[in-house]
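Trainee: What follows is a single structure, and I will ask about it in a moment.
The values are calculated or read from the model by the stated rules, or taken from the named source; none is laboratory data. Just so you know, these numbers come straight off a predicted model, no measurement behind them. The accessibility values were calculated without ligands, DNA or RNA, using every heavy atom of the protein model including side chains. Shrake-Rupley method; radii C 1.70, N 1.55, O 1.52, S 1.80 Å.
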Amino acid sequence: MTGSDPDSDGDASSDSHVDTDAEPDHGDLDRLVTTLHDRLAATATRPVREDASRWLGEAEAVAGDLAVGPLPDDEVVRTRLGHVERLLSNVGGTEDEAADEHVASARAALADALAALGDGDDGEGDG
């Protein structure tokens, strides 16, 4: 399982081509959202600064809402991931090396999930 389109006819030249009009791979997106939540949840057991703990806890709650059950439509996922991104932007450091690694891993999963969704900024000032 390489994440390739299961309906492909084995055309290896298409593996590196990304169709920007295609819908996101929801299996991959689901995995990324789960990873995001798991990494944020892992910070809860670490001795992090109190201010960082509040932001991380809120981000974990939002990510956890997405990680449970089937993903809602892409726009809802994009909005909630944007909220997680804003919350994490308030976390500079945790004063715990393991927690900092979990946060870095969460940020990487978040960036990958947002990239998987692509740009949905048709009305950037909207809402």
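Trainee: Per the 1.4 Å probe, what fraction of the accessible area of region 47-119, in percent, lies on carbon and sulfur atoms?
Mentor: 50
Trainee: Right, something else. With Kirkwood's inverse mean 1/r over C-alpha pairs for Rh, give me the Rg to Rh ratio of region 47-119, two decimals please. Walk me through the numbers on the way to the answer.
Mentor: Working: Rg = 12.5 Å, Rh = 12.7 Å.
With Rg and the Kirkwood Rh in hand, the quotient comes to 0.98.
Trainee: Along region 65-70, what does the Karplus equation 6.51 cos²θ - 1.76 cosθ + 1.60 (θ = phi - 60°) give for ³J(HN,Hα), rounded to whole Hz, x for Gly and Pro?
Mentor: 4, 6, 6, 8, x, x
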